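Here's the structure we're looking at; comments come further down.
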Amino acid sequence: MVRNRNVVVVAPLAGLLLGVLDFVWIKYVPWPFGDLGNSMAVWAVAAFLLTWGFRWSLPVGTAGAIVCLIVAVPSYYLAAALIQNDDWSNLFNASALAWMGFGVVAGAVFGAAGVIARTPGRLQAVALGMPVAVLFAEAVIKAGRIGDPSYDTTDQLEAVAVLVTLGVLITLGVGGSWRRRALGLVFALPLTAVGYALLSVTGFR
């Protein structure tokens, strides 16, 4: 289909921009908003928004989201090398390869969700709940750090507020009708529990 052809250009370009802008965001944007650059959830949401915004088919959109997140990883380290003289070997070291692996998983799940979220059907509301759920799950993790002497309580409260607000705003922005928005938020609650469990198992707590 004609609408699918631009994925070859859009997906890697989006990944390049995501990686570079993420590093710049972390380096220059103050807390608590700057902390979004360290958020795995934000990258997952980026994959969702990419496929939601471009009218690609499900397999093409999913592949495009995966490519985007894979390209974003070395692009992040490229920006670090250019801006603060980090080691160029970081572009493809073990850590980068591990993050690319996570990018494959997140791209597949959230890329597919972005396509389904704009497609009428029974799964549309569930898909709409995906981006807010992953942001809420990360917010729950940060909320669990409150009272831990290793973390500043005010910092964690601010980070939670930013993540929750961003999740709600994204749902309002992509939900369309108020009914779909409400259903997306409802489905986000159990999905948040699933996301929290998965993040905990994979060591992101």
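The values are calculated or read from the model by the stated rules, or taken from the named source; none is laboratory data. The structure displayed is predicted, hence computed values, not measured ones. Don't worry about glycine lacking a Cβ; one is built from the backbone with ideal geometry, like all the others, and counts go over all protein chains shown. Please note that ligands, DNA and RNA were not included when accessible areas were found on the heavy atoms of the full protein model with its side chains. Shrake-Rupley method; radii C 1.70, N 1.55, O 1.52, S 1.80 Å.
The condition of being assigned to a helix (DSSP H, G or I) and surrounded by fewer than 24 Cβ atoms within 10 Å (Cβ to Cβ) holds for only one of Phe102, Phe136, that being Phe102. A search for C-beta distances below 7 Å between a residue of region 173-186 that is closer than 15 Å to Leu49 by Cα and modelled with pLDDT of 90 or more and any residue that is assigned to a helix (DSSP H, G or I) and of a type in the set (Phe, Trp, Tyr), counting only pairs 6+ apart in sequence or on different chains, returns Val174/Trp52. Could you give every pair whose Cβ atoms fall below 7 Å, whose first residue belongs to region 89-107 and is touching a residue at least 60 places away in the same chain (Cβ under 8 Å) and closer than 12 Å to Leu69 by Cβ, and whose second residue is basic (Lys, Arg) and open to solvent by less than 30 Å² (accessible area, probe 1.4 Å), counting only separations of at least 6 or pairs across chains? Going by the 7 Å Cβ cut-off, there are no qualifying pairs.
Out of Gly114, Gly184, Gly107, Gly147, one residue alone is within 25 Å of Gly34 (Cβ to Cβ), assigned to a helix (DSSP H, G or I) and either open to solvent by 40 Å² or more (accessible area, probe 1.4 Å) or not basic (Lys, Arg) (or both). It is Gly107. In summary, Val73 fulfils each of the numbered conditions (1) over 19 Å from the mean Cα position of the chain (by Cα); (2) over 14 Å from Val174 (Cβ atoms) with the single exception of condition (1). Against the list (1) within 22 Å of Leu18 (Cα to Cα); (2) in contact with a helix residue (DSSP H, G or I) (Cβ under 6 Å, 6 or more places away or on another chain), the condition Ile116 fails is (1). Just to verify a result, which residue in region 23-55, among those that are open to solvent by 80 Å² or more (accessible area, probe 1.4 Å) and touching a residue at least 24 places away in the same chain (Cβ under 8 Å), is nearest to the chain's Cα centre (by Cα)? Result: Trp52. Taking the stated definitions as given, is Ala81 small (Gly, Ala, Ser), part of a helix (DSSP H, G or I), under 18 Å from Gly19 (Cβ atoms) and within 19 Å of the chain's Cα centre (by Cα)? The answer is no for Ala81.
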